[in-house]
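Participant: The structure that follows is given in the form of structure tokens.
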Amino acid sequence: MRILLVGASGTLGRAVQAELAQRHDVIAAGRNSGSIRMDLTDVQSIRDGLKQVGELDAVVSAAGKVTFAPLSDFKAAPFGESLHTLGISDKLLGQVNLALAARDCLRDGGSITLTTGILSEQPIVAGTSASLVNGAVEAFVRAAAIELPRGLRINVVSPNVLTEAMPAYAPFFRGFEPVSAARAAMAFSRSVEGAQTGQIYKVF
């Protein structure tokens with residue numbers, strides 16, 4: 001398969017590339033690295049990147065930023081001024097736009113795999129924005145799965161906090177049992193190489 005992997009340089013992305021590249025042609029994409037430069041917050045960047053890479057069998061996103069902050073820091077504010085803006089514009093709308101743009105360049109029967117995380121269902125203090133965004137992405141995937149044309153599939157991988165990320169995220173995830181990036185990456189293979197659609201692959 002020809003697979004475009006967005007966020008290939010991140011902790012999760014590197015593990016996903018190592019997993020999929022054993023069997024497939026994986027094209028790395030990222031905001032500041034990779035053979036294809038793609039910024040999820042810039043729709044034209046997404047379109048240009050997909051046009052540059054040509055026909056694909058799968059598009060995988062291991063990218064997406066959100067803001068971690070106490071709820072007391074969030075104020076009612078318009079988009080652009082809200083602390084939710086980063087997560088909505090990057091991890092939510094960025095991945096949704098990637099999926100919609102990928103729909104038009106994937107071969108028949110191709111697949112789209114997005115990324116969320118455990119906070120969609122197991123909240124933490126300072127994680128309201130992450131929970132909001134993850135839940136929205138998962139709802140989109142379930143709904144999009146019943147409308148995609150040409151046998152296209154869409155799934156999402158929802159991992160726990162990664163072992164490799166614990167030095168930075170441990171204060172947020174006390175009591176959570178982290179999973180390795182390599183274990184989380186296996187769920188991406190399940191999505192890309194399997195037959196299901198509309199699934200939330202939980203790696204908890």
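Participant: Just the number, please: Stokes-Einstein D of the stretch 14-83 in µm²/s, Kirkwood Rh from C-alpha pairs, 20 °C, 1.002 mPa s.
Facilitator: Working: Rh = 14.7 Å.
Value of D from the Cα-based Kirkwood radius: 146 µm²/s.
Participant: If you don't mind, there's one more thing I want to ask. Please report the equivalent ellipsoid semi-axes of the stretch 1-117, computed as sqrt(5 x eigenvalue) of the Cα gyration tensor, largest first, in whole Å. Don't skip to the answer; put the middle values down first.
Facilitator: Numbers: eigenvalues 152, 47, 26 Å².
Those come to 28, 15, 11 Å.
Participant: Right, next: Using Cα pairs under 8 angstrom and six or more residues apart, how large is the relative contact order of the stretch 126-204, in percent?
Facilitator: The normalised contact order for the stretch 126-204 reaches 40 percent.
Participant: Ok, one more. Provide the FRET efficiency to the nearest 0.05 for the Ala77-Asp25 pair, computing r from the beta carbons and using R0 = 45 Å. Before the final figure, lay out each step's value.
Facilitator: Working: r = 44 Å, r/R0 = 0.98.
Once rounded, the FRET efficiency stands at 0.55.
Participant: What ranking do 141-151, 73-83, 11-21 get when scored by the average of other Cβ atoms within 10 Å per residue, highest first? Don't skip to the answer; put the middle values down first.
Facilitator: Details: 141-151: 14.0, 73-83: 10.7, 11-21: 20.9.
Put in order of decreasing packing, that is 11-21, 141-151, 73-83.
Participant: Which helices pass in the chain if a helix is a full DSSP H run, must span at least 15 angstrom along its long axis by Cα, and must have mean Kyte-Doolittle hydropathy not below 0.0? Don't skip to the end; give the middle numbers.
Facilitator: Values: long enough: 43-53 (16 Å, -0.31); 128-144 (24 Å, 0.82); 181-193 (18 Å, 0.29).
Both cut-offs are met by 128-144, 181-193.
Participant: Okay, next question. Expressed as a whole percentage, what fraction of the accessible surface of the stretch 1-156 belongs to carbon and sulfur atoms when a 1.4 Å probe is rolled over the protein heavy atoms?
Facilitator: Numbers: 3630 of 6850 Å².
Carbon and sulfur together cover 53 percent of it.
Participant: Turning to a different aspect of this structure: Less than 18 Å apart at the alpha-carbon level, and either on another chain or at least 8 residues along: which lysines does that give for Lys65?
Facilitator: Cross-link targets: Lys91.
Participant: With each run of n ≥ 4 DSSP H residues scored as -39500 (n - 2.57), what mean residue ellipticity at 222 nm is computed for the chain after dividing by its residue count and rounding to the nearest 500 deg cm²/dmol? It would help to have the intermediate numbers written out before the result.
Facilitator: On the way: 6 runs with 65 residues, N = 204.
Here the helix-only value at 222 nm equals -9500 deg cm²/dmol.
Participant: Sticking with this structure for a sec: Give the separation of the Cα centroids, the stretch 135-194 to the stretch 90-127, in Å.
Facilitator: Measuring centre to centre over Cα atoms gives 9 Å.
Participant: Continuing with the same structure: Mind checking the per residue accessible area of the chain for me, 1.4 Å probe, whole number of Å²? List each step's numbers first, then the result.
Facilitator: Numbers: 9270 Å² over 204 residues.
So the chain comes to 45 Å² accessible per residue, rounded to a whole number.
Participant: Give me the Kirkwood hydrodynamic radius of the chain in Å, from all C-alpha pairs, to one decimal place? Please list the in-between numbers first.
Facilitator: On the way: mean 1/r = 0.0592 Å⁻¹.
Final number for the Kirkwood radius of the chain is 16.9 Å.
Participant: Go through 28-39, 174-185 and give me the packing order, highest mean Cβ count within 10 Å leading. Each step should come with its number before you reach the end.
Facilitator: On the way: 28-39: 18.5, 174-185: 16.2.
Ranked by mean Cβ neighbours within 10 Å, highest first: 28-39, 174-185.
The values are calculated or read from the model by the stated rules, or taken from the named source; none is laboratory data. All values reported here derive from a predicted model rather than from experimental measurement. Methodologically, a virtual Cβ is constructed for each residue, glycine included, from the backbone with ideal geometry; neighbour enumeration extends over all protein chains shown. Ligands, DNA and RNA are stripped out before the accessible areas are found, and what is left, the full protein with its side chains, is counted by its heavy atoms. Shrake-Rupley method; radii C 1.70, N 1.55, O 1.52, S 1.80 Å.
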